[in-house]
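Working notes, structure below.
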Amino acid sequence: MKKIWSGAMTILTSIIAFSAFADSGTAVDQYQLNLRKGVTDISAEVYDLHMLMFIICVVIGLLVFAAMFWSMFFHRKSRGVKPANFHESVKVEIAWTIIPFIILIVMAFPAAKTLIAMEDSSNPDVTVLVTGSQWKWHYKYMENDVEFFSVMATQQEQINNKFDKGENYLLEVDRPLVIPTGQKVRFLVTSDDVIHSWWVPDFAVKKDANPGFINEAWTRVNEPGIYRGQCAELCGKDHGFMPVVVVAKDPAEYNAWIAEQEEMQRKAKEEEQRLLAMNMSMDELMTIGEQVYLRACAACHQPNGQGLPGVFPSLVGTDMIKNDMPGHIDIVVNGKTGTAMQAFSKQLTMSEIAAVVTYERNAWGNNTGEMVQAKDINAVMTGQ
Amino acid sequence: MSTATTELDHDDHHHGAPSGIKRWLYTTNHKDIGTLYLWFAFIMFLVGGAMAMVIRAELFQPGLQIVDPNFFNQMTTVHGLIMVFGAVMPAFTGLANWLVPMMIGAPDMALPRMNNWSFWILPGAFTILLASLFMEGGGPAFGWTFYAPLSTTYSNDTTALFVFSVHIMGISSIMGAINVIVTIFNMRAPGMTWMKMPLFVWTWLITAFLLIAVMPVLAGAVTMVLTDKYFGTSFFDAAGGGDPVMFQHIFWFFGHPEVYIMILPAFGIISAIIPTFSRKKLFGYASMVYATTSIALLSFIVWAHHMFTTGMPVEAELFFMFATMLISVPTGVKVFNWVATMWRGSMTFEVPMLFALAFIVLFTIGGLSGLMLAIVPVDFQYHDTYFVVAHFHYVLVTGAIFSIMAAVYYWLPKWTGKMFDVTLAKWHFWCSLISVNVLFFPMHFVGLAGMPRRIPDYALQFADFNKWISLGGFAFGLSQLIFLALLIKACRKQGEPVSAQVWDGAEGLEWEIPSPAPYHTFDTPPVVK
């Protein structure tokens, strides 16, 4: 008996040691076995709660399995054992109803305490509106005039195994969210189309983005750094290609960054107005249009414009392409309600929309020869 | 035989089985229908398994190699639907058909013609579902949970077929459940009181009530998806005053009891097998019945634990966390009772017992990870990762499916009158046991490390474990071909003849009739002591 007990303890301690060892790994650890501790007080509490639950479960499991394997070794017919006759015991049955109940109460207290803290998003220092759409995130700083889209930056060639995969394969974006360290950052999470879920494991923040509703979450990051996560709710074809990257900077750096962004975005708007007066050549439109198309349109309509039959419509030789330029501009600018077609007026500049519409009307043998300029887009957007 | 004599003798129950295709098409015999259900379930298990192989082949290494993401989503969706509605549920219904009448001393199910219908609409339902995979736009790609608005506004044109097939599956389940309830209430042999019924009968009775309670809710959910998509309603569309989260509430109000629909009959099976091979009466029969009932009742008040990240009020999160934790008490009672049954028994380890023991260990692992998932703050980390995938595959594959295999090995000699090929069966057990753990255990690790579920491609840090998972998956898939070979041999009636009792230590009415069980049993009710 004593020998078996010490054996069980050895296994238990080695499991615990193993898991304690495992959590020391970094984000790219190939053999990370355990939840990460993360970089916030809450995520550390969550980790401790996880370990507490894990150890309780391992102990319960080992006790049950030990009793079972004890029977299997010592109470087997081949050892000539005659079966006992007992088949109930009110005392034992009450005991193993009450004891688990007490263990559950022990678990429930710290869990409830952490949960209530996690759900208290009051008095934030910074608020960011996080909007998911098929398959990108949009961040808008509520206190500043800064907003932008954040799209996966991994090249399609890496996904298709033509190029070697980079270190942050599928976990890299063109423009990460930037937040200050040491301050309470509140996230207002919503969606423009289907349900997404905004998840950063290092913050222990995962919140569904529900279209038409706004959820709240918050974090206070202790360490500056780059933290990576992914969309966690199935949101259609490219659900697996919708990473979240958050850069935490110390407050001084953050303030400098946000001021710079504000300035840049203000200038960009002025530039856009200035460009309205200018016409681009066909070559320019086609070159820019192809880039924009591959970035914003090809996920659904495919690089060859053929779409996916029955899912996403083709853009090759259709009636709208051949005969209906105003309709074409309208659908790109305003989207089409009730379908996956988004309104791109928020995501692309007017000259980008002009270029991509031109590209779609002339690529893949469409060859309408028609050019669309930024001022045409402006006309649609301002309702002229 | 002339028509006249048939008419004269139509009350004579001692005719054998008719032959040919008509036997199976027109049959109202509970044993034939049970066999049909079991074979159908096994074929669906292989079809759904083939889809899992596609999923695992794509996930064998990072990058997209074999399928495009849209088809990948169709595979995960249809794999889930097939395994839940096509494999596990029909297999349990098949076992109920075979066993419930024999266990309570009834000559057949109470409503034999409805019994025929409830089976024969199933192949149609799955033909519709599978056919949609080959149509323009492909099959359903929104996950087996079909969350709106991905399944409404943003789904492909074949969604109507998905809805229609789920409706038919639901009708089949409800008819099967009504049959089980009516049979158990009305056709027990004299002396077969409620508290003498075998636990398999008890657990199926409770399961049948769960089915009747929640399948209409599923039907409502798919109907609302249908009208939202095609007829302009806005049940789940905020723009029209609806709420996408309401879909999840409705779906999981069905979905959580559904989880117990897929595991309660397994408890009944294990409670039959463990005492037989321990040569000792089941410990705590009455508490098993009460535990099953309380699990069933609790299953109606825990649904939102699938939805902790949807942004519920903190009070609701606390309520559903506590309610969910509570379920582990009656579930624990069951496991403790099984262990106490073995304690100081006289154990042997025939193949059904091997599967039952594996069930207890692996189902308990799945149950314990379920307890971890109940804790809301950490569920925020686990939710929609491979940790969840590991959890529910432990309870469904090494839980429900292992129990079905245990049941087949346990009662197969009674059905065919011959002992199955024990060597093949042991190969099947050991190959399945090892590969299923290589398949599902590392999923805990990648889940904790942060790999979301339902993705066709993943970050490089998950590559090594995914390779192992895929290899385990292929091995588990191949292992089931051993089972197929064994079942074909058994159906050809190869093997040593067995006695009526088959297993020494087996107790119950079904072990008192000859092996193989005659086409008609208990024409006159047996006497129950």
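Below, the figures for the structure above:
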{"quantity": "Criterion violated by B:H444 - all others in (1) touching a helix residue (DSSP H, G or I) at 6+ places or on another chain (Cβ under 6 Å); (2) crowded, with 20+ Cβ neighbours inside 10 Å; (3) more than 9 Å from every other protein chain (Cβ to nearest Cβ) satisfied", "calculated": "(3)"}
{"quantity": "Pair list, Cβ under 9 Å, 6 or more apart: the stretch A:70-84 residue on the phi < 0 side of the Ramachandran plot, other residue of a type in the set (K, R) and exposed (fewer than 11 other Cβ atoms within 10 Å of the Cβ)", "calculated": "A:F73/A:R79"}
{"quantity": "Residue selected from the stretch A:90-100 under the condition within 8 Å of chain B (Cβ to nearest Cβ) and either over 55 Å from the mean Cα position of the chain (by Cα) or not charged (D, E, K, R) (or both), by the criterion farthest from B:V361 (Cα to Cα)", "calculated": "A:V92"}
{"quantity": "Subset of the stretch A:232-266 (residues that are part of a helix (DSSP H, G or I) and under 13 Å from the mean Cα position of the chain (by Cα))", "calculated": "A:H239, A:G240, A:F241"}
{"quantity": "Residue, farthest from A:T114 (Cα to Cα), within the stretch B:288-306, restricted to residues that are within 11 Å of another protein chain (Cβ to nearest Cβ) and surrounded by 22 or more Cβ atoms within 10 Å (Cβ to Cβ)", "calculated": "B:M288"}
{"quantity": "Flag if B:T227 is out of contact with any helix residue (DSSP H, G or I) (no Cβ under 9 Å at 6 or more places or on another chain), surrounded by fewer than 22 Cβ atoms within 10 Å (Cβ to Cβ) and modelled with pLDDT of 95 or more", "calculated": "yes"}
{"quantity": "Residue match in the stretch B:465-479 (condition: of a type outside the set (K, R), within 30 Å of B:A517 (Cβ to Cβ) and surrounded by fewer than 22 Cβ atoms within 10 Å (Cβ to Cβ))", "calculated": "yes"}
{"quantity": "Tally of residues being farther than 17 Å from B:M109 by Cβ and not in a helix (DSSP H, G or I) across the stretch B:161-210", "calculated": "3"}
{"quantity": "Identity of the residue in the stretch A:145-157, of a type in the set (D, E, K, R) and either touching a residue at least 12 places away in the same chain (Cβ under 8 Å) or part of a loop (DSSP other than H, G, I, E, B) (or both), that ends up nearest to the other protein chains (Cβ to nearest Cβ)", "calculated": "A:E147"}
{"quantity": "Residue, farthest from B:N97 (Cα to Cα), within the stretch B:1-51, restricted to residues that are modelled with pLDDT under 55 and outside any helix (DSSP H, G or I)", "calculated": "B:S2"}
{"quantity": "Of the criteria (1) touching a residue at least 24 places away in the same chain (Cβ under 8 Å); (2) closer than 23 Å to B:G86 by Cβ, which one B:W427 fails", "calculated": "(2)"}
{"quantity": "Selection count, the stretch A:55-82, where residues are more than 7 Å from every other protein chain (Cβ to nearest Cβ) and hydrophobic (A, V, I, L, M, F, W, C)", "calculated": "11"}
{"quantity": "Single condition B:D384 does not satisfy, out of (1) within 8 Å of chain A (Cβ to nearest Cβ); (2) of a type outside the set (A, V, I, L, M, F, W, C); (3) in contact with a helix residue (DSSP H, G or I) (Cβ under 6 Å, 6 or more places away or on another chain); (4) closer than 30 Å to A:T40 by Cβ", "calculated": "(3)"}
{"quantity": "Criterion: part of a helix (DSSP H, G or I) and closer than 21 Å to B:P90 by Cα - qualifying residue of B:M246, B:M215, B:M224", "calculated": "B:M215"}
{"quantity": "Tally, over the stretch B:341-356, of residues that are buried (at least 23 other Cβ atoms within 10 Å of the Cβ) and facing chain A (nearest Cβ under 7 Å)", "calculated": "3"}
{"quantity": "Helices (runs of 4 or more DSSP H) enclosed by the stretch A:267-334 - at least 3 residues per element that are at pLDDT below 90 and among the hydroxyl-bearing types (S, T, Y)", "calculated": "none"}
{"quantity": "Residue in the stretch A:282-304 that is away from chain B (no Cβ under 14 Å), over 32 Å from the mean Cα position of the chain (by Cα) and buried (at least 16 other Cβ atoms within 10 Å of the Cβ) present", "calculated": "yes"}
{"quantity": "Test set (1) more than 30 Å from B:P244 (Cα to Cα); (2) not in a loop (DSSP other than H, G, I, E, B) - B:K281 fails condition number", "calculated": "(2)"}
{"quantity": "Residues that are over 19 Å from A:L276 (Cβ atoms), over 33 Å from the mean Cα position of the chain (by Cα) and buried (at least 21 other Cβ atoms within 10 Å of the Cβ), drawn from the stretch A:336-375", "calculated": "A:R361"}
{"quantity": "Close pairs (7 angstrom Cβ cut-off, 6 or more residues apart or separate chains): touching a residue at least 40 places away in the same chain (Cβ under 8 Å) in the stretch A:298-316, among the aromatic types (F, W, Y) and assigned to a loop (DSSP other than H, G, I, E, B) anywhere", "calculated": "A:A299/A:W135; A:N304/A:W364; A:G305/A:W364; A:V316/A:W364"}
{"quantity": "Count of residues meeting criterion [without any contact (Cβ under 8 Å) to a residue 24 or more places away in the chain and among the aliphatic types (A, V, I, L, M)] in the stretch B:235-277", "calculated": "3"}
{"quantity": "Residues located in the stretch B:201-221, provided they are surrounded by fewer than 20 Cβ atoms within 10 Å (Cβ to Cβ) and more than 20 Å from B:F185 (Cβ to Cβ)", "calculated": "B:P216, B:V217, B:A219, B:G220"}
{"quantity": "Residue match in the stretch A:128-144 (condition: more than 7 Å from every other protein chain (Cβ to nearest Cβ), among the acidic types (D, E), out of contact with any Ser or Thr (no Cβ under 9 Å at 6 or more places or on another chain) and under 30 Å from A:F213 (Cβ atoms))", "calculated": "no"}
{"quantity": "Residue within the stretch A:97-115 that is surrounded by 15 or more Cβ atoms within 10 Å (Cβ to Cβ), farther than 28 Å from B:K334 by Cα and without any contact (Cβ under 8 Å) to a residue 24 or more places away in the chain present", "calculated": "yes"}
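The values are calculated or read from the model by the stated rules, or taken from the named source; none is laboratory data. Since the model is a prediction, treat every value here as computed from it, not as a measurement. Note that we place each Cβ from the backbone using ideal geometry, even for glycine, and neighbour counts take in every protein chain shown.
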